[in-house]
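Visitor: Take a look at the following structure, please.
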Amino acid sequence: MKRVLNIFQTGKGGLENLSQSISKILEPYFEVRSIPLSFGIRNIWKSAMSSEIILVHRTKSILKILPIKLFSQSKVLIFFHHFMARSKKKDIYHRIVYSKVDKLVVLSKRIREQVKNNWSIDESKIYIAYPGVDINRFRRSESIRKSIRERYGISKKEKVFGVIGRICEEKNQEILLEAIRKSDVDAIALIAGPVESERYFQKINMLSDKVRSILVPNFVDDVVGLLNAIDFLVITSRNEPFGLIGLEAMACSTPVLAPDNSGIAEIISDGFDSFVYSANDVRSLEERIRKAVSEVDNSNISERARKKVEKDFSLDSYGRKLKEIIMG
């Protein structure tokens, strides 16, 4: 087996967790060692020297590995880029840095286009790998759904549109409150996540007075519970690289309302297994909310959401895709 070193980024976000889980995902195919970027440079170099393939998830990781790459050209350096690539990186410094990257793995077609347009990297090195989720952990449980809804005082028949993530302007939770208010749909908005901007949270608080709302201003430990409790997961971010929480929701048989500029919108069949709306457009989200409420009880959309993830976006399918990219 080839020896792989995964230098992951620490943090509680979905994509940070994904960078850590890649080690386990690749274990069936490689001899994998995983260390955090925060490890000392000597430890990183020691691990890199004994590895044939090095996986990194931040540009700063590339910089730490560059001396090893220069010393040993046979080592394969693969850069996983989980975010947007809007800034220009075509100067001599970035040309040199990215020339040492053997393969660049991105989350979506949109990010690939941004990289092609804004970075100095050979297009042939860019690969798309949509992420996967643990379908054994993320799944529908009626007992969990009942328990969590009882905790928040939600009746069996009430429709809940939930947003899970950092509460800040970038995540744009206010668009859900405005859309529900204008739609006149009898629905509840549930907004959960750590408060990153106190000023923005106060704005959300004021808007929530006009809509039936549940605010949970804390980091969500029981994501599976909330994804079971809500009826729809809404991704409200202004610029969402992918929206991994959306795949987790679909695995729980909870349809998603995703903006059309998000990576997950590329894999959704609109109106079939989830819904797509125009990004940052209250009227478009309002229309999708009406459609979702009117159709969900009389269709198999929830079941189709789960089946899509089972078929194409499990951790096993993600691992097989990564193996193809690494060995290709």
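The values are calculated or read from the model by the stated rules, or taken from the named source; none is laboratory data. Only a predicted model underlies this, so the values are computations on that prediction, with no experimental measurement involved. When we count neighbours, we look across all protein chains shown, and the Cβ atoms used for this are built from the backbone with ideal geometry, even at glycine.
Visitor: What number of residues within the stretch 47-76 satisfy the criterion of being closer than 13 Å to R3 by Cα and charged (D, E, K, R)?
Guide: So the count comes out to 2.
Visitor: Name every residue in the stretch 63-112 that is within 18 Å of S124 (Cβ to Cβ), in contact with a Phe, Trp or Tyr (Cβ under 8 Å, 6 or more places away or on another chain) and β-branched (V, I, T), in order of residue number.
Guide: Hits for the stretch 63-112 are V101, V105, V106, I111.
Visitor: Run down V163, V185, V105 and say which single residue is touching a residue at least 12 places away in the same chain (Cβ under 8 Å), assigned to a strand (DSSP E or B) and in the same structural domain as M206 (by TED's automatic domain parsing). Before you say what the answer is, go through the steps one by one.
Guide: On the way: V185 fails: assigned to a strand (DSSP E or B); V105 fails: in the same structural domain as M206 (by TED's automatic domain parsing).
Only one candidate passes the filter, namely V163.
Visitor: Looking only at the stretch 1-60, count how many residues are part of a helix (DSSP H, G or I), in contact (Cβ under 8 Å) with a residue 60 or more places away in the chain and under 26 Å from H94 (Cβ atoms).
Guide: 4
Visitor: Same structure, new question: Might you let me know whether the stretch 286-299 holds any residue that is closer than 30 Å to A85 by Cβ and either touching a helix residue (DSSP H, G or I) at 6+ places or on another chain (Cβ under 8 Å) or crowded, with 18+ Cβ neighbours inside 10 Å (or both)?
Guide: The first filter runs over the stretch 286-299 and keeps only residues closer than 30 Å to A85 by Cβ, leaving 288.
Within this subset, residues satisfying the condition of being either touching a helix residue (DSSP H, G or I) at 6+ places or on another chain (Cβ under 8 Å) or crowded, with 18+ Cβ neighbours inside 10 Å (or both) are 288.
Among the residues of the stretch 286-299, at least one is closer than 30 Å to A85 by Cβ and either touching a helix residue (DSSP H, G or I) at 6+ places or on another chain (Cβ under 8 Å) or crowded, with 18+ Cβ neighbours inside 10 Å (or both), which makes the answer yes.
Visitor: Just give me the residues in the stretch 259-293 being of a type outside the set (A, V, I, L, M) and in a helix (DSSP H, G or I), in sequence order.
Guide: Scanning the stretch 259-293 gives G263, E266, R283, S284, E286, E287, R288, R290, K291.
Visitor: Regarding the stretch 126-135, can at least one residue be identified that is in a strand (DSSP E or B), without any contact (Cβ under 8 Å) to a residue 24 or more places away in the chain, under 15 Å from F242 (Cα atoms) and of a type in the set (A, V, I, L, M, F, W, C)?
Guide: Start the filter on the stretch 126-135 by keeping residues that are in a strand (DSSP E or B), which leaves 126-128, 133.
Cutting the leftovers down to without any contact (Cβ under 8 Å) to a residue 24 or more places away in the chain gives us 126, 128.
Retained after the next criterion (residues that are under 15 Å from F242 (Cα atoms)): 128.
Pick out the ones that are also of a type in the set (A, V, I, L, M, F, W, C) and you get 128.
Looking for residues that are in a strand (DSSP E or B), without any contact (Cβ under 8 Å) to a residue 24 or more places away in the chain, under 15 Å from F242 (Cα atoms) and of a type in the set (A, V, I, L, M, F, W, C), one finds at least one in the stretch 126-135, hence yes.
Visitor: Can you tell me which residues in the stretch 224-266 are out of contact with any Leu (no Cβ under 8 Å at 6 or more places or on another chain), of a type in the set (A, V, I, L, M, F, W, C) and within 19 Å of H82 (Cα to Cα)?
Guide: The answer is L247, A258, A265.
Visitor: Filter the stretch 91-102 for residues that are of a type outside the set (A, V, I, L, M) and either assigned to a loop (DSSP other than H, G, I, E, B) or outside the structural domain of R58 (by TED's automatic domain parsing) (or both); which is surrounded by the fewest Cβ atoms within 10 Å (Cβ to Cβ)?
Guide: For the stretch 91-102, the residue satisfying everything is D91.
Visitor: Of all residues being hydroxyl-bearing (S, T, Y) and within 15 Å of Y130 (Cβ to Cβ) in the stretch 239-285, which is surrounded by the fewest Cβ atoms within 10 Å (Cβ to Cβ)? Just the residue, please.
Guide: This residue is S269.
Visitor: Take the stretch 136-160 and flag every residue that is acidic (D, E) and in a helix (DSSP H, G or I).
Guide: Residues satisfying the conditions are E142, E150.
Visitor: Sticking with this structure for a sec: Out of F232, F242, F275, I need the residue that is in contact with a Phe, Trp or Tyr (Cβ under 6 Å, 6 or more places away or on another chain) and in the same structural domain as G153 (by TED's automatic domain parsing). Which one?
Guide: Among F232, F242, F275, only F232 is in contact with a Phe, Trp or Tyr (Cβ under 6 Å, 6 or more places away or on another chain) and in the same structural domain as G153 (by TED's automatic domain parsing).
Visitor: Using beta carbons and a limit of 7 Å, which pairs, at least six apart or on different chains, have the first residue in the stretch 224-235 and at negative phi and the second one acidic (D, E) and part of a helix (DSSP H, G or I)?
Guide: Between residues of the stretch 224-235 that are at negative phi and residues that are acidic (D, E) and part of a helix (DSSP H, G or I), the close pairs are L227/E248.
Visitor: Quick check on my filter: what residues within the stretch 200-258 are of a type in the set (G, A, S) and assigned to a helix (DSSP H, G or I)?
Guide: S208, G225, A229, G246, A249, A251
Visitor: Moving on. Just to check your reading of the model, which residue among F71, F83 is surrounded by fewer than 20 Cβ atoms within 10 Å (Cβ to Cβ), without any contact (Cβ under 8 Å) to a residue 12 or more places away in the chain and out of contact with any Asp or Glu (no Cβ under 9 Å at 6 or more places or on another chain)?
Guide: None of the other options fit; the residue is F71.
Visitor: Another question, if that's okay. Determine, yes or no, whether R306 is touching a Phe, Trp or Tyr at 6+ places or on another chain (Cβ under 7 Å) and of a type outside the set (D, E).
Guide: No: the conditions fail for R306.
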